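**Q** This is the structure, below, for whatever I ask next.
The values are calculated or read from the model by the stated rules, or taken from the named source; none is laboratory data. Predicted, not measured: the structure shown is a model, and the values here were computed from it. Every residue, glycine as well, gets a Cβ built from its backbone with ideal geometry; the counts of neighbours run over all protein chains shown. When the accessible area is computed, the model is the full protein with side chains, heavy atoms only, and any ligands, DNA or RNA have been set aside. Shrake-Rupley method; radii C 1.70, N 1.55, O 1.52, S 1.80 Å.
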Amino acid sequence: MTMKHLGPEQARSATLLLRTYRSEADDRVGSRCDVVGSMIGMKIRSDQVLPRPCLTYFVREKAPMEDIAPRQRIPARMRLGGQMIPTDVLVWPRMELHSLAQGRFIRDGFTQGTLTAFARSPYGLWGLSCGHCMLGPDQKPYTSTDVMMHDANLRQFISAGTTAQTLFSAGGPQIGGTRGYLDCGIFSLHEDSLRKRAEEAPELRTADLQSLAYQQLTGVSVMAVEGQVGGPRLATVIGIDKYGIDDFCDVVLRAESPGMTHGDSGMLWLTQDGLAAAIHCRGEVVNKKSGSRLITAMSAQRAAEVLGVTLRMA
């Protein structure tokens, strides 16, 4: 059965309502039942994502309802400001970066990831991806690194350019309405064919974060998972503006099978209207044969804003 997804305007309206009462709701449940974080999310029942906006609370593990004292339970709904605000509870797993020590597409001599997009700034054209894929052998963000890119025709890596800027932030002051992490960087385009591709690439408009909740996104993976080759991927935005005890993120997604894996860091998620929505970065820790279904990403709009660039389709 195909899930009914809320339209952008419905998502924006629901997000605004939940954001209005989120702080008060967090204060009520923050000390209950091992709560470690929250997000503006949607209901999940029997592993099915439902188009029902809610405040989602994260716990380390779920316990049977009868084992939880009534005062420690997270209420299914709360009356706040005359509004009934529904809630949901989700186990939040350990997450890991989706870079890979060896592979294809782009690499820096230590890790590899996926080219997100081309980026134009007042200083020229660049390549954009996750910053942790462009640290180089010394693993230092402030030193220049040579970036290699896989050429499908030559079936080998060619020199693409060198890093110009790498940004990391675990979360902090709000930018674009959220406190999610930043993990992005740009590199120069030395190779002639790559630069020509960037010059001819169409410009990408970015999606407003508030309109992303409850939307289905698409992306293209270059990695093989569970015996399936790289190709189109689907995911549903199950939450935005997620924060916990020690981490923040703009977008939380649930990917359809086969999920995401190491080497997908940097993959661009698009809305059904072709807007740049999110940049893939992390996924739940799973065994090597399985792909991550629960993943987190940066807002493409916020990354472009912080870097001072406009995006072009890679």
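**Q** Which residue is farthest from the chain's Cα centre (by Cα), if the candidates are limited to the range 269-278 and must be under 26 Å from Asp47 (Cβ atoms) and buried (at least 19 other Cβ atoms within 10 Å of the Cβ)?
**A** Thr271
**Q** Considering only residues that are open to solvent by less than 50 Å² (accessible area, probe 1.4 Å) and at pLDDT 85 or above, which ones fall in the range 56-85?
**A** If the condition is that a residue be open to solvent by less than 50 Å² (accessible area, probe 1.4 Å) and at pLDDT 85 or above, then Thr56, Tyr57, Phe58, Val59, Ile74, Pro75, Met78, Leu80, Ile85 are the ones that fit.
**Q** Could you grab me the full set of residues in the range 275-301 that are in contact (Cβ under 8 Å) with a residue 24 or more places away in the chain and in a loop (DSSP other than H, G, I, E, B)?
**A** Hits for the range 275-301 are Leu275, Val285, Val286, Lys289, Ser290, Gly291, Arg293.
**Q** So is Ile44 part of a loop (DSSP other than H, G, I, E, B), modelled with pLDDT of 85 or more and open to solvent by 10 Å² or more (accessible area, probe 1.4 Å) or not?
**A** No.
**Q** Which of the residues that make up the range 46-60 are of a type in the set (D, E, K, R) and farther than 15 Å from Leu294 by Cβ?
**A** Listed by number, the list holds a single entry, Arg52.
**Q** Shifting gears a bit: Look at Pro53 and say whether it is at pLDDT 80 or above and in a loop (DSSP other than H, G, I, E, B).
**A** no
**Q** Can you find even one residue in the range 244-252 that is under 20 Å from Gly41 (Cβ atoms), modelled with pLDDT under 90 and touching a strand residue (DSSP E or B) at 6+ places or on another chain (Cβ under 6 Å)?
**A** Checked the range 244-252: at least one residue is under 20 Å from Gly41 (Cβ atoms), modelled with pLDDT under 90 and touching a strand residue (DSSP E or B) at 6+ places or on another chain (Cβ under 6 Å).
**Q** What are the pairs, 6+ residues apart or on separate chains, where a residue within the range 219-234 that is on the phi > 0 side of the Ramachandran plot and at pLDDT 75 or above has its Cβ under 7 Å from a residue that is surrounded by 13 or more Cβ atoms within 10 Å (Cβ to Cβ) and not in a strand (DSSP E or B)?
**A** Between residues of the range 219-234 that are on the phi > 0 side of the Ramachandran plot and at pLDDT 75 or above and residues that are surrounded by 13 or more Cβ atoms within 10 Å (Cβ to Cβ) and not in a strand (DSSP E or B), the close pairs are Gly231/Ser221.
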